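Colleague: I am attaching a structure below and will ask some questions about it afterwards.
The values are calculated or read from the model by the stated rules, or taken from the named source; none is laboratory data. Everything numeric here is computed off the predicted structure, so don't read it as measured data. Positions of Cβ are generated from backbone atoms using ideal geometry, with glycine treated the same way; all protein chains shown enter the neighbour counts.
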Amino acid sequence: LWQVQTPQGFRKEILIEANRRAEADGFLGTDDASLVERIGVPVRIVQGEYSNIKVTTPEDMVVAEAILRNDMGAGELMKTAVHEAKRLLGGVVRRRKEDSV
């Protein structure tokens, strides 16, 4: 099991063929890598950066802001980000200590 970051990079022709074959077979992959592996093309794993996150939800924004504000190690950074994300409830950022979850 791997935690995957985007973007995933593949040669255009390989990606087109992988998607064409998946569609023809009615195969629903989890991501581009699963489609490419399915047609027998090896996929390499490269080390990423834990702080390279995709901002999709309001909670992600809280984590991203914590990452940008801090210049600390990943473990300490994530403790800070998780603590701050817990203040986000129903899309409303709770700023006061007594509002913390």
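Colleague: Please enumerate the residues belonging to the stretch 14-30 that are assigned to a loop (DSSP other than H, G, I, E, B) and surrounded by 12 or more Cβ atoms within 10 Å (Cβ to Cβ).
Modeller: Phe27, Gly29
Colleague: What pairs come out if I take residues in the stretch 6-34 that are over 26 Å from Thr56 (Cα atoms) and pair them with residues that are modelled with pLDDT of 95 or more and assigned to a loop (DSSP other than H, G, I, E, B) whose C-beta lies under 6 Å away, six or more apart or interchain?
Modeller: Pairs that qualify, where the first residue is over 26 Å from Thr56 (Cα atoms) and the partner is modelled with pLDDT of 95 or more and assigned to a loop (DSSP other than H, G, I, E, B), are Ile14/Val41; Ala18/Ile39; Arg21/Ile39.
Colleague: Keeping to the stretch 31-48, report how many residues are hydrophobic (A, V, I, L, M, F, W, C), assigned to a helix (DSSP H, G or I) and under 15 Å from the mean Cα position of the chain (by Cα).
Modeller: 1
Colleague: Give the stretch 29-70 a look and list any residue that's in contact with an Asp or Glu (Cβ under 8 Å, 6 or more places away or on another chain) and within 30 Å of Ile16 (Cβ to Cβ), or say none.
Modeller: Ile39, Val43, Ile53, Lys54
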